[in-house]
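Below you'll find the structure, written out as structure tokens, and then a few comments.
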Amino acid sequence: MVNFLPRVARAMAVAAGVSLIVVAIVVSLEVILRKVFMISLNVGSEMSSYVLAIVASWGAAFALFERAHVRIDALTRRFSRRGAAYADLVALLGMALFSLAMSWFAYGTFAESLRMKSRSMTPLAIPLWIPQGLWVLGLLVFSFSCLFLLARGIRLVLANRLDEAALLIGSPTAETEALTELSQVTPLAEDNTK
């Protein structure tokens, strides 16, 4: 489970990125066809709205594992290591509660669309349970990821492994971000010797 959820989150984020590229191409083609040939496919707007909702939910877990969610940590940087660890746990608990609430209500929307066999009121007439199901899937993976990280974070804090907890659930410091970026950069001199 330690490596499974992050791998799933990464795969979902890649799929979300690919779907954004595909939708951008479809919308661009639709604009060109409308401007040049006066032809409208009437699919770009509908597809982009579905993809936007799905991408937001499918990227959330990946952002969580990468510690990329925005935090206002000006105050917590002044806390002791233990105080900062508890603040990180409270923040993650809040994120977990939010994701569970979103999942609950999104599932209700999905179940209602499935029960009523709802379709979009557009030329495509897409069964709404399809994009809503993909949206719910992303929210559920996000919720499980929040709960998984919360459980691991609590265990680390209770075991007094505060540095590990900070690396897992804390917001990255400017120093750790700089070191991460530097470790990913290959100097030109090394590149030329290959």
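Anything in region 46-64 that is among the hydrophobic types (A, V, I, L, M, F, W, C) and open to solvent by less than 50 Å² (accessible area, probe 1.4 Å)? List them, or say none.
Taking region 46-64 and keeping what is among the hydrophobic types (A, V, I, L, M, F, W, C), we get 47, 51-56, 58, 60-64.
Answer for region 46-64, where residues must be among the hydrophobic types (A, V, I, L, M, F, W, C) and open to solvent by less than 50 Å² (accessible area, probe 1.4 Å): V51, A53, I54, V55, W58, A60, A61, A63, L64.
Could you figure out which of (1) more than 20 Å from V14 (Cα to Cα); (2) loosely packed, with under 15 Cβ neighbours inside 10 Å; (3) of a type in the set (A, V, I, L, M, F, W, C); (4) at pLDDT below 90 isn't true of V43?
Unmet condition: (2).
Which residue out of R34, R10, R77, R81 is out of contact with any strand residue (DSSP E or B) (no Cβ under 9 Å at 6 or more places or on another chain) and closer than 13 Å to F142 by Cα?
R10
Going through region 87-109 one residue at a time, which ones are without any contact (Cβ under 8 Å) to a residue 24 or more places away in the chain, open to solvent by 60 Å² or more (accessible area, probe 1.4 Å) and farther than 30 Å from L128 by Cα?
V90
Return yes or no: is L20 part of a helix (DSSP H, G or I) and either of a type outside the set (G, A, S) or modelled with pLDDT under 90 (or both)?
Numbers: part of a helix (DSSP H, G or I): yes; either of a type outside the set (G, A, S) or modelled with pLDDT under 90 (or both): yes.
Spelling it out, L20 is indeed part of a helix (DSSP H, G or I) and either of a type outside the set (G, A, S) or modelled with pLDDT under 90 (or both).
Which of the residues belonging to region 76-86 are touching a helix residue (DSSP H, G or I) at 6+ places or on another chain (Cβ under 8 Å), part of a helix (DSSP H, G or I) and either surrounded by fewer than 18 Cβ atoms within 10 Å (Cβ to Cβ) or modelled with pLDDT of 90 or more (or both)?
Once the filter is applied, which keeps residues that are touching a helix residue (DSSP H, G or I) at 6+ places or on another chain (Cβ under 8 Å), part of a helix (DSSP H, G or I) and either surrounded by fewer than 18 Cβ atoms within 10 Å (Cβ to Cβ) or modelled with pLDDT of 90 or more (or both), region 76-86 yields R77, R81, R82, G83, A85, Y86.
Give me the pairs: first residue in region 122-149 and over 14 Å from S103 (Cβ atoms), second residue basic (K, R), beta-carbon distance under 6 Å, and six or more apart or on different chains, which are they?
Listed pairs, sorted by first residue: A125/R119; P127/R119.
Hey, does region 27-38 have a residue that's within 21 Å of W135 (Cα to Cα), in a loop (DSSP other than H, G, I, E, B) and either open to solvent by 80 Å² or more (accessible area, probe 1.4 Å) or in contact with a helix residue (DSSP H, G or I) (Cβ under 7 Å, 6 or more places away or on another chain) (or both)?
Within region 27-38, none of the residues are within 21 Å of W135 (Cα to Cα), in a loop (DSSP other than H, G, I, E, B) and either open to solvent by 80 Å² or more (accessible area, probe 1.4 Å) or in contact with a helix residue (DSSP H, G or I) (Cβ under 7 Å, 6 or more places away or on another chain) (or both).
What about A60, is it touching a residue at least 40 places away in the same chain (Cβ under 8 Å), within 12 Å of F142 (Cα to Cα) and of a type outside the set (D, E, K, R)?
yes
Consider region 127-136. How many of its residues are among the hydrophobic types (A, V, I, L, M, F, W, C), open to solvent by 20 Å² or more (accessible area, probe 1.4 Å) and within 14 Å of W104 (Cβ to Cβ)?
The total comes to 1.
The values are calculated or read from the model by the stated rules, or taken from the named source; none is laboratory data. Fair warning: this is a prediction, and the values are worked out from it, not measured in the lab. Glycine also receives a Cβ, built like all others from the backbone with ideal geometry; neighbour counts cover every protein chain displayed. SASA here: full protein model, heavy atoms, side chains in, ligands and nucleic acids out. Shrake-Rupley method; radii C 1.70, N 1.55, O 1.52, S 1.80 Å.
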